[in-house]
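The values are calculated or read from the model by the stated rules, or taken from the named source; none is laboratory data. What you see is a predicted model, and the numbers here were worked out from it, not measured in a lab. With ideal geometry, Cβ positions are generated from the backbone for all residues, glycine too; neighbour counts draw on all protein chains shown. What goes into the accessible areas is simple: the full protein's heavy atoms, side chains included, and nothing from ligands, DNA or RNA. Shrake-Rupley method; radii C 1.70, N 1.55, O 1.52, S 1.80 Å.
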Amino acid sequence: MAWKPLPVGVDDFEKLVSGNYFYIDKTLFIKELIEKKGEVNLFTRPRRFGKTLNMSMLRHFFGLEEQNGAELFRGLKIMEAGDEYLSHMGKYPVISLSLKSMKQSSYELAFEMLKKAMREEYLRHWPGIEAGGKLDTADRERYLRLRDMEGTDGDYADALKFLSECLYRTWGRKAVILIDEYDVPLESAYFGGFYDRMIPAIRSLFESALKTNGNLEFAVVTGCLRISRESIFTGLNNLKIISVTGESYAEYFGFTQQEVEKMLDFYGLRENEETVRQWYDGYRFGNTEVYNPWSVINYVESCRENKQALPKPYWSNTSSNSIVRSLVERADLSVKQEIEALIEGKTITKPVHEDITYEDMDSTQDNLWNFLFFTGYLKKIREYQEGETIYMEIAIPNREVRYVYKQTVLRWFEEKTEEKTLTPLYESILNGDTEKMAEILSENLMETISFYDYQESYYHGFLAGMLKNIGNYIVLSNREAGHGRPDILLKYPSVRGRAVILEIKVAKTYQELEKKCGEALRQIEERRYEEPLRREGYRDILKYGVAFYRKECMVKKG
């Protein structure tokens, strides 16, 4: 079978269909939306789960401005749904606004991007508005100001509502309003320090368009988080929220197991199913298990030349992962233990709070866990209620997201290490003070977040990271020497200085630490790790057996 192009980065429905890209048919989303008759529908899903493509699909189906709607949907499921649904095709003026470009470092830049996005929509509708000739002079002048980005702040405060009024006068039909990535400006404002300025601007825009707007047929809003009504959707009694915990519409964002199997069969990759499952499955919307569509598409694309292509963390590279970093940076001892448990594949249980704001993220650790869950960094295992509180057992969804946690922890540890004054550790190593070495290493282990289930590779990385700034010494890791590879070597550039051999062992119990130090020292001798150093001319060589048990360390000198 010929290779059909995959829609990597293609989120325009018309381009996807007309370009003959591989498409997982989600058009019954339209049918369910019509059936449930929500006036304002807020869908919250993680990034890259098909929200923008679905919004583009809605625009092309409902928009009376679209000329080729029937052609685009030919052969898709919605065309078999019946006349009661198809009667809505091409019948409404559609206002489609994406706020994803408002991811800026300052309020001024973000608002400028809002003006540009609004200009595009005003430009798109201008031919129909002009041809209709239904606007009076004052409204025409205001329309042109917004079209040409010359409007006042007051003009933009209700620009969506004003556009819906103009469209109703022109077409005699109420508008469908689509707002994509509504929380992007709020997230950027929070991390950029201008949240208090952004909230009123977005609130005004939304309230005027979605609350008591007589020219609104219905609206669909998408984002990652369900931001509380008090901050954005004040008094919006017509708001219907469909979050990742809800069972409605669950199969329309992300790929189901059956859809992934269909894709793998189409490209002859069914033998890769287990790899795809381990890396990109694991999300649960309501009671529906779903895969990350962005990552599945990118992985299948990578198999075009090599069917055994290695899986990569595609989704993790599309986000700054700021929320994970916030959790790691602020973690106290109990939270560190919870992060360690998650990375090991275990679960933790937390109360669920869906009505949150970005400001809430700083109030309690529980809120931060909620942010991680709703943005796709954790998945639901089960939920239950005690009294008035709903609790959720959560875990890391898959190997791709586990990679995000591990890399965030490693970067955080490297930065913390660079900030520390580790001179006492370096002095203790060069002076043979084993008790001081063990004390400092144990203290630093208590501050870190561990993973790899306390394997030797974890402690090796930990110790190498602590030693990388040891001044004039060269740090060598797993270099061949004698009849094997010592874990870590420290060498002064001149043979007149010292060299240090450190061999690492992991104990199964605290009582076994001393025994493991002895094993490490015997290995140094039996495998003659010091011979290459002596051949180079080093005479002053220190040898250490370093043993670890969880967060405890013991050091013995040979």
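Observations
- What you get for the range 457-555, charging only the Cβ of Lys and Arg (+1) and of Asp and Glu (-1), is a dipole of about 140 debye around the Cα centre.
- Alpha carbon centroid spacing (whole Å) that separates the range 385-432 from the range 264-327: 24 Å
- Alpha-carbon gyration tensor eigenvalues x 5, square-rooted, for the range 206-351, Å: 33, 25, 14
- Gyration tensor verdict on the range 219-294 (Cα atoms; rounded if a/c is under 1.5, prolate if a/b is larger than b/c, oblate otherwise): prolate
- The range 160-212, accessible surface, carbon-and-sulfur percent (1.4 angstrom probe): 45 percent
- Residues in the range 18-61 reached by a label modelled at Lys91 [backbone nitrogen below 15 Å; 7 Å Cα→Cβ]: 30-38, 61
- Electrostatic tally near Lys380: other residues with Cβ closer than 10 Å to its Cβ, Lys and Arg +1, Asp and Glu -1, net +1.
- P(r), alpha carbons of the range 159-285 - 10 Å bins starting at zero, rounded %: 11, 30, 25, 19, 13, 2
- Each Cα pair of the range 355-494 feeds into the Kirkwood radius, which the Stokes-Einstein equation turns, at 10 °C and 1.306 mPa s, into a diffusion coefficient of 86 µm²/s.
- The residues of the chain have, on average, 44 Å² of accessible surface per residue, using a 1.4 Å probe with all protein chains present.
- Computed over Cα pairs, the Kirkwood radius of the range 27-115 leads via Stokes-Einstein (1.002 mPa s, 20 °C) to a diffusion coefficient of 144 µm² per second.
- Against the main long axis of the alpha-carbon atoms of the chain, helix 137-147 sits at an angle near 20°.
- Between the amide H of Ile348 and those of Ile394, distances stay under 5 Å, these residues lying 5 or more places away or on another chain, with hydrogens modeled in the peptide plane.
- Span from the the range 79-120 Cα centroid across to the the range 514-558 one, whole angstrom: 65 Å
- Of Gly497, Phe462, Val184, farthest towards positive along the dipole that unit charges on Lys, Arg, Asp, Glu beta carbons give the chain: Gly497
- Axis of helix 456-467 versus longest Cα principal axis of the chain: the two differ by about 80°, to the nearest ten degrees.
- For the range 1-59 and the range 336-351, distance of Cα centres in Å: 34 Å
- Sparse packing (at most 13 other Cβ atoms within 10 Å of the Cβ) combined with a DSSP loop state is found for none of the chymotrypsin sites (Phe, Trp or Tyr not before Pro) in the range 372-462.
- For the range 369-419, the fraction of C-alpha pairs farther apart than 17 angstrom is 50 percent.
- In plain terms, the C-alpha convex hull of the range 337-424 casts an average shadow of 7.5 nm² when viewed from every direction.
- Note on Ser494 and Lys468: the extension gain reaches 7.5 nm, defined as 0.36 nm multiplied by sequence separation minus the Cα-Cα distance.
- Max-minus-min Cα coordinates of the chain on each principal axis give 94, 54, 53 Å, with the largest extent listed first.
- Gain in span if fully extended, Tyr458 to Glu443, counting 0.36 nm per residue against the direct Cα distance: 3.8 nm
- Kirkwood Rh in Å, taken over the range 103-151 so that all alpha-carbon pairs contribute: 11.6 Å
- Note on the range 142-198: Cα convex hull, mean projected area over all directions, 4.9 nm².
- Each of Thr423, Gln511, Gly471 was placed along the dipole of the range 406-548 (beta-carbon charges, centred on the mean Cα), and the one lying farthest toward the positive end is Gly471.
- Fraction of alpha-carbon pairs over 18 Å apart in the range 495-545 - percent: 37 percent
- Evaluated at q = 0.25 Å⁻¹, the base-10 log of the normalised Debye intensity for the range 79-169, with identical point scatterers placed on the Cα atoms, takes the values -1.28.
- Fully extending the segment from Arg270 to Leu123, taken as 0.36 nm per residue of separation minus the present Cα-Cα distance, adds 48.3 nm.
- Kirkwood radius for the range 289-358, taken over all pairs of different Cα atoms as the inverse mean of 1/r, rounds to 15.4 Å.
- Principal axis extents of the C-alpha atoms in the range 173-214 (largest first, rounded to whole Å): 41, 17, 8.
- About the Cα centre, charge dipole magnitude for the chain (Lys/Arg +1, Asp/Glu -1 at Cβ), debye: 1340 debye
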